[in-house]
Every structure is written in C-alpha cells, then in structure tokens.
2 protein chains.
Amino acid sequence: MGPTIKDVAKEAGVSITTVSRVLNQYSDVNPKTRTKVLKVVEQLGYQPNSVARSLVMKRTQTVGLVVSDLSRSRNGHHFMFDVLCGINDRVQELGYDLVLFSTSTTAQKKTPYMDFVRQRRVDGVLMMGIRLDDPYTHEVVEASVPSVLIDVPLVSDTCSYVTTDNVAGATMAIQHLVELGHRRIGFVNGHAQAAVSKERLQGYRMALEEAGIAYDPELVYYGNFEQQDGATGVAELMEKFEDLSAVFFASDLMALGGIKYLQSLQLRVPERMSIVGYDDIELAAMMQPMLTTVRQTRYEMGQSAAETLIRMLEQNEKGRGIVLPPELVVRETTSKHGVNLSHI
Amino acid sequence: MGPTIKDVAKEAGVSITTVSRVLNQYSDVNPKTRTKVLKVVEQLGYQPNSVARSLVMKRTQTVGLVVSDLSRSRNGHHFMFDVLCGINDRVQELGYDLVLFSTSTTAQKKTPYMDFVRQRRVDGVLMMGIRLDDPYTHEVVEASVPSVLIDVPLVSDTCSYVTTDNVAGATMAIQHLVELGHRRIGFVNGHAQAAVSKERLQGYRMALEEAGIAYDPELVYYGNFEQQDGATGVAELMEKFEDLSAVFFASDLMALGGIKYLQSLQLRVPERMSIVGYDDIELAAMMQPMLTTVRQTRYEMGQSAAETLIRMLEQNEKGRGIVLPPELVVRETTSKHGVNLSHI
DNA sequence: CTGTTAGCGCCTTCAG
DNA sequence: CTGAAGGCGCTAACAG
C-alpha cells in the first residue's frame, strides 16, 4: 500500500506527532517544519488512512442512505433518483461519504436497525421510501445515531425530517379544480401507510370542505403510487360516481395510468375529465396532453436532508422538521367544468 | 458506544483472542466455549467494529461507485438508476458496502483518481458515465485497485468492463429498417467521446454496407443523448436529405425529441418517418406511438459489474470484458417504407 | 484448545 | 515548538 505517516515522519526527520500536527492544521508548528513536512507529503504522495483515523476519532465521516426497496420501487424511481442526487452532492460538498443501503435484500430486512448502523459505523443516517408501519421507523426515531427521514414527519432529539407540505400541495390542487367549477372530485391516493398519503388526504378534505363540498370517503381510492393503480382507481371511481368530472392523483405515474385508461375509452382529457397529478416528474411535461401537477423540489429535498443531518452531527443540533413548499404547475389536463362537452 | 470485544471476553471469562476466533468461524474452539461466547455476544448485543477490523485486515469490504456527473446527467437518469439498482443489490448480497461518488462536484474533478481511492480505502471501484477522454479513464485502467467500467471497453490486469453489444444493437436496428424497405437511414448518435457511440456507429455502418447501401457520414449527426439533440438532429438530417425515411437514435430520449419535432411539423410517425431508439427506457412504451427500440438490460449490467468486481477482489481474477446481448423491441414507430403515404 | 504478544495507522495527552 | 508513550478495537502468529 501507499506510504504511512511513519514514512513521512522518517523522510522529513521529525516524529509522527509532528506530521500529524501539520496535517491537522495545528498552529503550534514551526513554519519551517511545516513546509518541510508538507513537501515530503507531496513528494511521497501520502494520503492519510481514513480507516485508522476513524478508529481513533470514532467518526467515519460517512453517512448512510437507507432506501426501502430501492430496486423494486419502479414507482419511486423518478422521485428517488433526484433526491439521491441532491443528497449525494451536498454530502460530498460537506466532506462526507455516502453509503447506500437498500433494505429490500431479504436477509437485511430483519436485522435490527441499530445493529446495522453500529456495524457499518456510519455517523448518521438518511432514510427514504420508508413506511409508517415499517419496523425500522420506530427504531430510527429512538436511536442515538442522528437521522433524517424523508417524507416521514417524525421528530425526536436525534431524528429530523424533511418533506414538502403535502397538505398544502393537495389543497392547491383541489382549489384549482374547484375554481374551475368542479364539484365531484375524486382522489386516487397512495397507500395508507405512507405519511404523505395521510397528509394529502387531509389537504384534499380541507380544501373540499372549505369550498362547501362535503367530504365523501367513497371518492377516495388507495393505490400504490404505480401507473396501474391510476387506471384501476379512475375506473372504480367512475363507476361509483357518474358525475365525476375531475380526479386528483397522489403521483404523476398514477395520473398517467388514469389518463391512458380514459383515453382508451375515448374519453377526452381535460374536456371530459380534469386531472391533476403529484410530483412533476420529467414525464409530466412530455405527456400528451401535458400534465397539470403539484411539483416537489426533489433535488432540494435531498440537499436539505443532507445538510440537516450534518448539522446535527457537527453542531449537535436537535431533531426538527423541515417543510418545503410545493408548487402547482398548471398545464393542459385541467379545464373548466362543463365546457366543450358538446364537442365530444 | 456499544460493547467491544474486550467486554465480551471479560463477560465470558475468556481472552479476546478466543472471542475473535469464534466470531471468525475458526474451527479450533471448544464447543462449550463457543456457545458461551456466543451467548454473551447475544446478550450484550455486541457488533464487531468494522473499522477496527478493516484497519488490521487492510480490506474495507467496501466498493466505490463513481459516476461522472450524477446530478447533471438529466439524460443518463433512466439508464443510470437501473444500473445503480443492479449494482447495489448484488454488492449487498455479496457482503460489501457501496459508497457513492460523483465527480461532478467541482473540487473533486481534478483530484487524481488514486488519491481518492486510497483516501477512501475502497477495495474496488465501479465506474459509469465516464467518457473516453476523461482524465480518470486512463488512471483507472492503470491503477492497482481493481475496477470495472460500465460501457467503456478497456481491459487491463486490474480493470474489467461490462457493456452490451452496441455493434450488434445498432446492426439489429438498421437491419430491421432495411427489411422494411428503407434505404436512406439517418443516425442521430451520442457524442463522439462515448465508447458506445463509436460502437453504434460501427454497427450502423456495417449493417448498411451489408445491405449494399453506401455509408455516408453526412447522414450521421452527433448529439449528447438528450431530448433536444434529437430534434436538432432530425431537423438537420431532413434538410440535407429529402428522401430520408428513417432515423436511428442512440438514445430513447433523443428519439422522443425527434418524434416530437416531427409531430410538430404534422409529419406522422411511422408513416412519414420510421424511428428506432436505443435503451428501452420506461418511457418508450408509454409514448404515443410506442417506440421501437434496442433494449439494454440495465439492471443486469449493474449486477454483472458488481459480480465481476468482487470476483476480481476475492478470486484474484484478472480483468476481462463482459458483453451482454441487446434485444430489438419492435413497437409502433417503424413501418414499411412508402406505405400509407397517401393518407397524409 | 487457549492466552500472550504484537501490531494495523493514526490522534492525543503529557513531558520536555 | 516537538517527541515519547498510550490506546482506538481487532486479528494473527506463537507459545503453551
């Protein structure tokens, strides 16, 4: 392997203590000695061994990103990749390494969270794609190792979260629909064990009631964020409600599925049915017609999560919640209720 | 922190050596002692410190995945995520950790590759998204640390690669088009510094010549795999060749851009212009019309890369090339030349 | 079968 | 300002 601190010390004619001092920016080192050491470091191409350092410092400068079901999540795909990028960039900028873990791999599934953290020796953990009823969830919040949850609003002294305001996001979507004159608005939600689903449902409900429209649980369908669920969802809602004129989907992918289904029935969007999605994935602007949706700033969520975690690590900050604002992006899948129906 | 091997030893009334022995599956341990130790390990919730182990073993059981420009690659997105999943799953199954690095972050860019590997102490490296003219490329191949390149066909004793057969992929695409009667076939390629671009060009050229069609460099446009390049590409090619009836794109995203451009001109696909893409991203089957394309098994590429690297690490295998077969997926964007033109 | 003894490469008091 | 000494938690000969 490469040269060690010992080699540098010998070559520079000083003790390893001194080398360590200059490497760690200690001030009490004779300028001459310092430059001497630095020169040797340079010419030997010395790289401190981070493993050895970690052992004595009891810090690895590494954070773990645990994703539930990374590969199986054909749905989360678009969402996760961007968050991952944000995390990765920020973590790196702040001088940490990022280790990836997916809990999908069968064996890992039951390993208690803490065992895994302690074994891997990460300084902190970021989690995404986790469900409220996941066994990890509780463990993470209670753990002594700092963590940041993405889209799971739970806080403790050692646990923060980053999310977008899902209540507001859903509210915006519904208000938009209400303003267009829609009264019978369906909601194809995500599965009930996702925190975001609960929040979006709340927003849906609040916006409706605020508009003087009674909330009807029958208008809510629970899917799993995937395309197919969108189709099944609208189909079911349309069967129950003949006057359904708009549907709000908890993911763009489901919205896409819904639209495809409608189109297969020769029902036009938005003339016959207005559609609002959630996420604003790349695909949303590529579809025909282009999807009206609620945008989440995924990359920023990742960045923010990384920052928050590292602040907890270095500034000893306590856990807290960070809520980013969503944004309604009006495109082509929503229109006034009742208009243009004659053309069909 | 948690208990150490010392605590276990004391509690079990043996030396730490013995504890170490049972933990590492040594056979020469009295069954009674073994169970005793195991019991203590259990009740103390002892987790071996991997950092300490790494220090003495000189192996971290960690591999690095370096991605050039992870976040900036709006294009690679679809491709990379799947490969990443494959890598992650396989690496984990084989008992390693995966550390993510993106070279985009400005500062990192010029750090010599080896410095970074040595500093991070990874046992091996996987690379993707790297260009032939990237300064890293050469370093990686020469490095003593084992590595596997994805889609860059370079081999050395310590460096393998995994790719799909791009020559064959392009050949299949062109043969398909030729069989449909097309003679003037354009090619919107990726940038020239991507290994895959060179190979696909070769396949394009070979298939053409085999069909008795002269290769004309003017029919090849070089883009950057992104959607916009597709539009620009077809536009330029159509201007040069009035009888252009088919275009082969080096990425689905570019194909999409091209199709959108054609549609904006009221030119129908495939009646007026047949289109073949490359990658078979999720989007390909969602488009209208659905895209005919060359599928790459991205997840499998990732798995294979991970496996190959770890075999080099553990079995001391030498570098080698692994070429996976692509597959032509015929959908709706290709049709017989000249047919249906009357309908337009 | 088991304990003793050396380190792995680095940081950190504590004396000069 | 600098060096000597001890130790982080674990593995690996080498003796019993």
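The values are calculated or read from the model by the stated rules, or taken from the named source; none is laboratory data. As the structure is a computational prediction, the values presented were derived from the model and not from experiment. Using ideal geometry, Cβ is built from the backbone for each residue, glycine included, and neighbour counts are taken over all protein chains shown.
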For this session: Would you be able to tell me the number of residues in region B:13-32 that are modelled with pLDDT of 90 or more and part of a helix (DSSP H, G or I)?
Result: 8
For this session: Identify, by number, the condition in (1) assigned by TED's automatic domain parsing to the domain that holds B:M273; (2) not in a helix (DSSP H, G or I) that B:S160 doesn't meet.
Result: (1)
Problem set entry | Hits in region A:19-42 - residues which are within 11 Å of DNA strand D (Cβ to nearest atom) and more than 18 Å from A:M57 (Cα to Cα) | A:S27, A:D28, A:V29, A:N30, A:P31, A:K32, A:T33, A:R34, A:T35, A:K36, A:V37
For this session: Pull up region B:27-39, narrow it to residues that are more than 7 Å from DNA strand C (Cβ to nearest atom) and of a type in the set (A, V, I, L, M), then point me to the one that is farthest from the other protein chains (Cβ to nearest Cβ).
Result: B:V37
For this session: Look at B:N24 and say whether it is closer than 30 Å to B:T308 by Cβ and more than 14 Å from every other protein chain (Cβ to nearest Cβ).
Result: yes
Exercise. So, in region A:1-21, of the ones that are more than 7 Å from DNA strand C (Cβ to nearest atom) and within 12 Å of chain B (Cβ to nearest Cβ), which residue ends up surrounded by the most Cβ atoms within 10 Å (Cβ to Cβ)?
Worked result: A:P3
For this session: Working only within region A:163-195, note down all residues that are in a helix (DSSP H, G or I), β-branched (V, I, T) and buried (at least 24 other Cβ atoms within 10 Å of the Cβ).
Result: A:I174
Exercise. Among A:L55, A:L98, A:L84, A:L44, which is within 13 Å of DNA strand C (Cβ to nearest atom), within 10 Å of another protein chain (Cβ to nearest Cβ) and touching a helix residue (DSSP H, G or I) at 6+ places or on another chain (Cβ under 9 Å)?
Worked result: A:L55
Exercise. In region B:158-180, is there at least one residue being at pLDDT 95 or above and at positive phi?
Worked result: no
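Filter region A:232-270 for residues that are among the β-branched types (V, I, T) and within 11 Å of A:V188 (Cβ to Cβ) and give the result.
A:T232, A:V234, A:V247
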Exercise. Can A:L309 be described as over 29 Å from A:L262 (Cα atoms), out of contact with any helix residue (DSSP H, G or I) (no Cβ under 7 Å at 6 or more places or on another chain) and buried (at least 19 other Cβ atoms within 10 Å of the Cβ)?
Worked result: yes
